[in-house]
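Data first, discussion second: the structure below is written as structure tokens.
The numbers here are math on the coordinates, done by the rules we state, and not lab data. Since we're looking at a predicted model, the values are computed, not measured. Here the Cβ is made from the backbone with ideal geometry for all residues, glycine too, and neighbour counts use every protein chain on show.
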Amino acid sequence: MDTKSYESRMKKSIAVLEEEFATIRVGRANPRVLDRIMVNYYGSDVPISQVGNITVPEARLLQIAPWEANMLKEIEKAIQSSDIGINPTNDGKVIRLVFPELTEERRKDLTKDVKKKGEDAKVSVRNIRRDAMDAFAKAQKKSEITEDDLKQLEKEIQKHTDKSIEELDKKVEAKNKEIMTV
């Protein structure tokens, strides 16, 4: 019995948080804000990145050039119905997304959202620790491991938990700093 599987689950929680942070708009154009937006492509829902080329010609401008001209309307519709809060402009060849400067109030709202996502990730890590502790205790009751092994495993999983939570805190702090930088 070891802590490897629990440790990898904790790392996945951190990775999920990083993915969520990548989709948060901070005033600069970032193609990752489009990652979750799906577009209808011949009856299948696919990410925008699979139906066109996404470029960042300027700091606050995203440009989407679909590979097929008939996808312009579909992409535009998908962006309008998404929650990114930007209206696309379509010139018949490409779609442009202009990212407005964030207001102070919007920045504060985003930092609250970031903190909440960070707390959710910490809860996830703590739940993984609880699962591990329960599994170790059951193994000890079934005499699969000794009491000394149990103490060692508990200490190890706590060390991984503390390290993961510290890493989550750093990521939240870095994202908040990025958001509040004008």
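When its C-alpha radius of gyration is set against 2.2 N^0.38 Å (N residues), the chain gives a value of 1.38.
In this simple spin-label model, placing a label point 7 Å from the Cα along the Cα-to-Cβ direction at both Glu166 and Ala135 gives a separation of 2.4 nm. The string of couplings for the stretch 64-73 from the Karplus curve (6.51, -1.76, 1.60, θ = phi - 60°) is 10, 10, x, 6, 10, 4, 5, 7, 3, 5 Hz, one whole number per residue in order, with x for Gly and Pro. Among the GluC sites (Glu not before Pro) in the stretch 99-134, those placed in a DSSP loop whose Cβ has at most 15 other Cβ atoms within 10 Å are Glu101.
Separation of the stretch 15-89 from the stretch 91-120 is 14 Å, based on Cα centroids.
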